[in-house]
Structures are given as structure tokens and as C-alpha cells.
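The values are calculated or read from the model by the stated rules, or taken from the named source; none is laboratory data. Just so it is clear, the structure is predicted and the values come from calculations on it, not from any experiment. Cβ coordinates were reconstructed from backbone atoms using ideal geometry, including for glycine residues, and neighbour counts include every protein chain displayed.
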Amino acid sequence: MTNKEYRLLTSRPSRMQSSNIDNPKDALESFFSSFTLDDCRNYLWELYERCVMSYAREHTVHETASDMLFFYTHTEMLIEAAWLINNKHKRKEKNRKNTSPGQKEHT
């Protein structure tokens with residue numbers, strides 16, 4: 001991790017455990033062992049829906065609701081990308097464990 005990345009990550013209290021900062025794939029594995037992809041989609045939708053309903057009650061400007069939809073969409077894509085990365089990492093680890101010395105790995 002670069003100094004700039006560290007400063008950006010720690011400019012506010014980070015939820016990352018110190019062990020995960022050097023190996024963020026462990027954080028992905030931990031996350032997806034607690035939540036399925038469908039769980040993530042459902043919880044994210046519920047957060048978005050409640051936020052929009054709250055905005056509607058408070059008569060929040062359209063631009064804020066639009067920003068929330070944009071954020072929701074990109075957060076869902078981020079979760080899906082993290083899920084794909086985590087699954088790829090798990091497949092590689094499984095192949096590594098199942099491959100005897102001298103055998104080539106297939107990913």
C-alpha cells in the first residue's frame with residue numbers, strides 16, 4: 001500500500017482490520033462468507049428504498065434522489081465485482097491445493 005492510499009484509508013476511522021489492509025482479499029472472503037450475493041443485492045436495495053422513501057417524506061430535491069440511485073447502481077456493481085474477484089481467488093486457492101507438485105495449474 002502506498003502512503004497516499006494509507007492516508008486516504010485512514011483519514012476517517014476505517015472498518016478494515018489491520019490484517020486486511022495488507023491482504024484485502026481476506027476482507028472479501030470474510031464478507032462473502034457472511035453474505036451471499038443475493039443477500040447483498042437485497043440489503044442494498046432495502047437501504048436504497050428506505051433512503052428514497054425518507055427523501056420523499058422530507059421533500060428532498062430530485063437531484064439528491066438521482067445521486068442516490070447512481071450510488072446504488074455503482075455500489076451494486078462494486079459488490080458484484082468483489083464477488084467475482086473473491087470467487088476467482090477461491091478457485092485459484094482450490095486449484096493450488098488440488099495440484100500436486102510438478103503439475104500445471106489450470107485457471
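What helices (runs of 4 or more DSSP H) completely inside the stretch 1-93 contain at least 1 residues that are surrounded by fewer than 14 Cβ atoms within 10 Å (Cβ to Cβ), under 19 Å from the mean Cα position of the chain (by Cα) and among the β-branched types (Val, Ile, Thr)?
Qualifying helices (runs of 4 or more DSSP H): 3-10.
Being among the basic types (Lys, Arg) and either without any contact (Cβ under 8 Å) to a residue 12 or more places away in the chain or in contact with a strand residue (DSSP E or B) (Cβ under 7 Å, 6 or more places away or on another chain) (or both), is that true of even one residue in the stretch 25-43?
Going residue by residue through the stretch 25-43, those that are among the basic types (Lys, Arg) are 25, 41.
Right, trim to either without any contact (Cβ under 8 Å) to a residue 12 or more places away in the chain or in contact with a strand residue (DSSP E or B) (Cβ under 7 Å, 6 or more places away or on another chain) (or both) and you get none.
No.
Going by the structure shown, is Met53 in contact with a helix residue (DSSP H, G or I) (Cβ under 8 Å, 6 or more places away or on another chain) and modelled with pLDDT under 85? Can you show your working first?
Values: in contact with a helix residue (DSSP H, G or I) (Cβ under 8 Å, 6 or more places away or on another chain): no; modelled with pLDDT under 85: yes.
For Met53, the condition - in contact with a helix residue (DSSP H, G or I) (Cβ under 8 Å, 6 or more places away or on another chain) and modelled with pLDDT under 85 - is not met.
Among the residues of the stretch 57-79, count how many are of a type outside the set (Ser, Thr, Tyr) and either modelled with pLDDT under 80 or farther than 24 Å from Arg41 by Cβ (or both). First the steps, then the outcome.
Initially, the stretch 57-79 is screened for residues of a type outside the set (Ser, Thr, Tyr), giving 57-59, 61-63, 65, 67-71, 74, 76-79.
Right, trim to either modelled with pLDDT under 80 or farther than 24 Å from Arg41 by Cβ (or both) and you get 57-59, 61-63, 65.
Number of matching residues: 7.
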